[in-house]
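I have placed the structure first, in the form of structure tokens, so that the comments after it can refer back to it.
Values quoted throughout were computed directly from the atomic coordinates according to the rules given, and no laboratory measurement underlies them. Model, not experiment: these values are computed from the prediction. Cβ atoms come from the backbone with ideal geometry, glycine included; neighbour counts cover every protein chain shown.
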Amino acid sequence: MSDSSHAQVNQPVSDAQIEQLYLDYGTDVLRMSYSYLGNRQQAEDVTQDVFVRLMENRPVLKPGSEKSWLLKVALNRCRDHWRSSWHKRVLLGSKVLEIIPDDDQIDNRLEKEALMQAVNALPQAEKEVFLLFYYQNLSTQETAAVLDVPEGTVSSRLSRGRAKLRDFLDGGEEP
Amino acid sequence: MIRGDQFKQVADEALGGLVAGPAILNRAKMQVAAGGQKKPALSLRRGMALAMSLVLLVSLGALVIPQLNQPAIPVVDTLQSGNGQEELFRTTADLPRGSLVLSSEEKPAYKGIWERGAGANFPLLRVDGRFYRMLTHPQDVSALTGASLGQVAVFTDEPDLDTGSALLSNVAAMNAGVYSVSGMPAAAAVAAEVNGRLRLFQRVAYAGNALVGSESLKDLIPRGAAALQLSDVGTVSDPAQVSRLMDILLSQSSYQGSSSRSGKQALLIQYDNGVVLQLAVSGDSLMGSGTWANPAFFTAFAEAVQ
């Protein structure tokens, strides 16, 4: 996966390492959370929570596992938000996940927005593997470890997710 | 046409303006410095909703508190008379608090007794590498307290990220006592202090951890059940039938693996000391600590309730 310059073997993560982890992976955590929840404020809350837990718990992270740890904690917090009554009442049913490009001249804007919307609309289990495998570039083994499911389950969810996206992007109904 | 496997490139471009700036990390630091208090980032609408909830709570409290102030019923500690032998007959009053679970309906509706978690994980304990899930019933098993198994040494919201072997929980507080349950092997169930009550925890699979060593279903579900209830099918309480069904359950279940899934039915196994254990049921499989296939059990159960 990622570079392994953050964690020292058998040492709780230090303040300096937390700063570096935030620089390296904070945006990954924020964007994955946003892709999951479709709400910027909640994605920022999740990112904040992840680093609060890192500072409070000071885990011993295996070198190379830092990003997985951060994404796993983020995913759990996203699930909490997703299940919350607030999220169900206020966010579901409204248009979610508007794209936030850094350049207004983004090519194929409508197609790309459609893809983002389609991934956001995937069933929860398929969306999670899609975000970890395709977006965060985790291997199937790493994705399986983050989600606590067998690798075969990751593959089958990816396959189902791809089929649903294909149908949707070809003009079908939402996945 | 954009394809799904171009998602990373598309997402990086589409979300290029979404960057984790220093403000989020600073808020996290302030939250930690303030002792873990929630960040001051509640939106106006959420704040309003919270305020209205508090007003409602205070109003309800004003109605309820006067009743609580009425003189309490005096509590008298009692001791068992006689020579201390096990009583011959157990009555409802002898059972642990909140024991009664089984429905009297002919075809009982689904009733699960695994406690749900507030977060992403269910409320659990890890003792000697075995995972246990808190049950909703009984609500207090103080009357069945067995030997001490230790105290919670690790309290964490992310149990699967802890690779140690210390006694761990995400619901029982640090230093909370953990005990065996009288009449139950520790491989099947344990008890722990949670919010002032001694709650029952049943052995389950968690994060790929199911059986330890040469364990089988016989180690996880003790014999000697008093009644069995399978949702949507019925309840069996005839001792001979229960004994026969338990034999089939424990001798003919075939282990399918450590993964578990939720089921649409539940098998509740009640013991005469008030303890009730649960196995989730999906098709011909039972899920507890791992998944177990046993078509013969379901055939026999359907025959027993006819």
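Odds and ends about this structure:
- Extension gain, A:S156-A:S139: 0.36 nm per intervening residue step, less the Cα-Cα distance, totals 4.7 nm.
- The calculated FRET efficiency for the pair B:A207 and B:M174, based on their C-beta separation and a Förster distance of 30 Å, comes to about 0.90.
- Residues whose amide H comes within less than 5 Å of that of B:A226, counting only those at least five positions distant or on another chain, are B:Q270, B:Y271, B:D272 (H built at 1.01 Å from N in the peptide plane).
- Full-extension gain in nm, B:A293 to B:S254, via 0.36 nm per residue minus C-alpha separation: 13.5 nm
- Under a 5 Å amide H cut-off, with hydrogens placed 1.01 Å from N, B:A173 pairs with B:N195 among residues at least 5 apart or on other chains.
- A DSSP coil position with no more than 15 other Cβ atoms inside 10 Å describes none of the trypsin sites (Lys or Arg not before Pro) in the stretch A:38-81.
- Under-5 Å amide H pairs with B:Q256, H placed in peptide plane, nonlocal only: B:T291, B:W292, B:A293
- Phi to ³J(HN,Hα) by Karplus 6.51 cos²θ - 1.76 cosθ + 1.60 over the stretch B:239-253, Hz, x for Gly, Pro: x, 5, 5, 4, 4, 5, 5, 5, 4, 5, 4, 7, 9, 10, 7
- Model label sites at B:K264 and B:A166, defined 7 Å from Cα along the beta-carbon direction, differ in position by 4.4 nm.
- Cα centroid separation, the stretch B:260-306 to the stretch B:178-240 (Å): 12
- Table column - 3J(HN,Hα) (Hz), the stretch A:54-68, Karplus curve with 6.51, -1.76, 1.60, x for Gly and Pro: 5, 6, 6, 8, 6, x, 8, 9, 5, x, x, 9, 4, 5, 4
- Ordering B:N170, B:V154, B:V181 by Cα displacement along the dipole of the stretch B:126-199 toward the positive end leaves B:V181 in first place; charges were set at the Cβ atoms of Lys, Arg (+1) and Asp, Glu (-1).
- Among the listed pairs A:K72/B:K8; A:K72/B:K29; A:K72/B:K218; A:K127/B:K264; A:K67/A:K127, those beyond 27 Å (Cα-Cα): A:K72/B:K218
- Backbone geometry of the stretch B:280-287 corresponds, through the Karplus equation with coefficients 6.51, -1.76 and 1.60 at θ = phi - 60°, to 3J(HN,Hα) couplings of 6, 10, 9, x, 9, 10, 10, 10 Hz, x marking Gly and Pro.
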